[in-house]
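Novice: There's a structure below that I have some questions on.
FYI, it's all coordinate maths here, none of it is from the lab. Computed from a prediction, not measured in an experiment: that's the story for all the values here. Every residue, glycine as well, gets a Cβ built from its backbone with ideal geometry; the counts of neighbours run over all protein chains shown.
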Amino acid sequence: MGIRERLSGNEAAAIAMKQINPDVVAAFPITPSTEIPQYFSSFVSNGAVDTEFVAVESEHSAMSACIGAEAAGARAMTATSSNGLSLMWEMIYIASSLRLPIVMSLVNRAVSGPLNIHNDHSDAMGVRDSGWIQLFSESNQEAYDNLLMAHRIAEHKDVQLPLMVCQDGFITSHSIENIELLEDDKVKEFVGTYKPEHYLLNRKEPIAIGPLDLQGYLFEHKKAQAEAMRNAKKVIAEVSADFEKLTGRHYGFFEEYKMDDSELTIVCMNSTAGTAKYAADRLREQGIKAGVLKVRMFRPFPVDEIAKALQGQKAIAVLDKADSVNGAGGALFEDVTSSMFVNGVAVPTVNYIYGIGGRDVPASDIETVYKDLVEVAKVGKAENPFRYLGIREK
């Protein structure tokens, strides 16, 4: 039996870290993720974990300390948001290129400037191509569960890549929800012990970490990273299946909501999925066959599976909570449409940039998207594929 609790997303993440009991946690506070290391530090001080907690002077140092710890053979974790992730930028790439399975809780927040402490996905989208696995979480429960699965995925011998678990700042990080926790002993057994094959403190195998890597080798090393990311797809499926056997909670690469007979589908990530499901239910009452596809696994991106799931729709809207500022749509839109194109799936698809800087997205806004899709489906073409949702016009 699980343990029924009422927790915020940040509390749930901190408890997951406590149950994992990593060797090292290095972190620097930044809103809205500050509570995660704050709660975790109390577990350190009261002896609930054996973790070495490193209070550093910046987020760059936090990731540097995690890299050093993981390279030495320790299991390392951290948490951050927004500008904190930006300050880690150099070390984010180094962590993935060194194939170090660090796990990070990323509480999504708008990246400055101008300064904004509220939620959008610009921080995660900024590092989407850095070689980190990215799992997104609709709810506090999903954030907790994704963290429990994270080390099993990242540390797998065929992967060996860092992983970030994303959740929406304030919307889930500070909101209290009912949640079911696993018992500590079950988490310990599920996560397992970290046993790296190569590490700096292994006296029997002297190695170098972070050597100069010029024309003769870097290309091949980057291809190896890409192969590891492709391998992660299979490992994520396997770990999720094991987690379902343990808890009864199913996690795929994405969730299909009422898509058995849907004609109009919204694709989105994180907490927006809950609002989209509610809107879809309301429109179903009006006879509109609305569906929702919630992406959980953004890196690696489930190219073939997404295309198959969207085949047969009459119109699709992809919601991006970050603007790529490229004139060609947001990152999720680009990946979804690319997936459809290479798989020969032709469905009129529109992109909506929404929720920037924490702009509220009520169900009524989502309903307007579905009603827009009704019109797109009628003509069989998206006249204006690049749109904004909930913005104040002049």
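Novice: Given an 8 Å cut-off on Cα distances and at least 6 residues of separation, report the relative contact order of the chain as a percent.
Specialist: Relative contact order for the chain comes out at 16 percent.
Novice: Please give every one of the aspartates and glutamates within straight-line cross-link reach of LYS223, meaning a C-alpha to C-alpha distance under 15 Å, and leave out same-chain neighbours fewer than 8 residues apart.
Specialist: ASP129, ASP158, ASP213
Novice: Excluding residues fewer than 8 places away in the same chain, name every one of the lysines whose C-alpha is closer than 22 Å to that of LYS18.
Specialist: The reachable lysines, counting only those whose Cα sits under 22 Å from LYS18, are LYS186, LYS188, LYS195.
Novice: Further question: On C-alpha positions alone, give me the angle between the axis of helix 331-342 and the longest principal axis of the chain, in degrees, nearest 10.
Specialist: Relative to the chain, helix 331-342 is tipped by roughly 70 degrees.
Novice: What does the extension gain come out to for ASP304 and LYS234, with contour length at 0.36 nm per residue minus their alpha carbon separation? Write down the numbers at each step before the final one.
Specialist: On the way: separation 70, 0.36 × 70 = 25.20 nm, distance 1.32 nm.
Fully extending the segment from ASP304 to LYS234 adds 23.9 nm.
Novice: Which is farthest toward the positive dipole end of the chain among GLY68, LEU181, PRO348, measuring Cα position about the Cα centre, with Cβ charges +1 (Lys, Arg) and -1 (Asp, Glu)?
Specialist: Final value for the positive-end residue is PRO348.
Novice: Which one of GLN134, GLN215, GLN286 has the biggest mean-square fluctuation once the chain is modelled by GNM with Cα springs under 10 Å?
Specialist: So, out of GLN134, GLN215, GLN286, the one fluctuating most is GLN215.
Novice: Where the centroid of each part is defined by its Cα atoms, how far is the range 317-394 from the range 1-45 in Å?
Specialist: 35
Novice: In the structure shown, do any of LYS233/LYS314; LYS157/LYS308; LYS314/LYS381; LYS258/LYS314 have a Cα-Cα gap over 20 Å, and if so which?
Specialist: From LYS233/LYS314; LYS157/LYS308; LYS314/LYS381; LYS258/LYS314, over 20 Å: LYS233/LYS314; LYS157/LYS308.
Novice: Work out from phi, with θ = phi - 60° and the Karplus expression 6.51 cos²θ - 1.76 cosθ + 1.60, the ³J(HN,Hα) of each residue of the range 43-58, listed in order in whole Hz, and give x for Gly and Pro.
Specialist: After applying 6.51 cos²θ - 1.76 cosθ + 1.60, I find 5, 5, 5, 8, x, 6, 9, 9, 5, 7, 8, 10, 8, 9, 9, 6 Hz.
Novice: Of PHE219, VAL107, GLN38, which is farthest along the charge dipole of the range 3-247 in the positive direction, counting Lys and Arg as +1 and Asp and Glu as -1 at C-beta?
Specialist: PHE219
Novice: Can you list the GluC sites (Glu not before Pro) in the range 140-219 that are in a DSSP coil and have 14 or fewer other beta carbons within 10 angstrom?
Specialist: Those satisfying the criteria are GLU183, GLU197.
Novice: Among DSSP beta bridges whose residues both lie in the range 254-389, state the antiparallel percentage, nearest 5.
Specialist: 15
Novice: Treating the beta-carbon of each Lys and Arg as +1 and of each Asp and Glu as -1, no other charges, what is the dipole magnitude of the range 254-389 about its Cα centre, to the nearest 20 debye? Working shown, then result.
Specialist: On the way: 16 positive and 19 negative charges, 12 e Å.
It works out to roughly 60 debye.
Novice: To check you understand DSSP bridge types, tell me what percent of the beta bridges within the chain (both residues inside) are antiparallel, rounded to 5.
Specialist: Bridges in the chain are about 25 percent antiparallel.
Novice: Looking at this model, which pairs from LYS222/LYS294; LYS289/LYS371; LYS245/LYS294 are more than 18 angstrom apart at the alpha-carbon?
Specialist: Details: LYS222/LYS294 30 Å; LYS289/LYS371 11 Å; LYS245/LYS294 22 Å.
From LYS222/LYS294; LYS289/LYS371; LYS245/LYS294, over 18 Å: LYS222/LYS294; LYS245/LYS294.
Novice: Report the FRET efficiency, 1/(1 + (r/R0)^6), for SER338 and HIS174, where r is their Cβ-Cβ distance and R0 is 35 Å, rounded to 0.05.
Specialist: According to the calculation, E is roughly 0.50.
Novice: Further, regarding this structure: Using a simple charge model, +1 on the beta-carbon of Lys and Arg, -1 on the beta-carbon of Asp and Glu, nothing else, what dipole does the range 250-328 show about its Cα centre, in debye to the nearest 20? Can you show the working numbers first?
Specialist: Details: 11 positive and 11 negative charges, 27 e Å.
The calculation lands at about 140 debye.
Novice: Using Cα springs under 10 Å in a Gaussian network model of the chain, which residue among SER324, SER139, SER122 shows the largest mean-square fluctuation?
Specialist: SER324
Novice: When you take every Cα atom in the chain, what is the radius of gyration, and what is Dmax, the widest Cα pair distance, in Å?
Specialist: 20.9, 69
Novice: Could you work out how much longer the chain between SER41 and VAL379 gets when fully extended? Use 0.36 nm per residue separation minus the Cα distance between them, nm to one decimal.
Specialist: 115.9 nm
Novice: Most fluctuating residue of PHE190, PHE298, PHE341 in a GNM of the chain with Cα springs under 10 Å: which is it?
Specialist: The residue that fluctuates most here is PHE341.
Novice: Here is a further query. Please list 326-338, 65-77 highest first by mean number of surrounding beta-carbon atoms within 10 Å per residue.
Specialist: The peptides rank, most packed first, as 65-77, 326-338.
Novice: What Kirkwood hydrodynamic radius do you get for the range 206-327 when you take the inverse of the mean 1/r over all pairs of distinct Cα atoms, in Å?
Specialist: Over the range 206-327, the inverse of the mean reciprocal pair distance is 17.3 Å.
Novice: Efficiency by 1/(1 + (r/R0)^6): what FRET value for LYS195 and LEU246, r their Cβ-Cβ distance, R0 = 22 Å, to the nearest 0.05?
Specialist: 0.55
Novice: Another question, if that's okay. As I understand it, the value is the acute angle between the Cα axis of helix 218-247 and the longest principal axis of the Cα atoms of the chain; what does it come to in degrees, rounded to 10?
Specialist: Helix 218-247 and the main axis of the chain meet at about 80 degrees.
Novice: Enter the angle in degrees (range 0 to 90, nearest 10) between the Cα long axis of helix 363-379 and the first principal axis of the Cα atoms of the chain, meaning the one along which they spread out most.
Specialist: Taking the Cα atoms of the chain, the angle to 363-379 is about 60 degrees.
Novice: Any idea what the dipole of the chain comes to, in debye rounded to 20, about its Cα centre with Lys/Arg Cβ at +1 and Asp/Glu Cβ at -1?
Specialist: Numbers: 39 positive and 53 negative charges, 109 e Å.
I would put it at about 520 debye.
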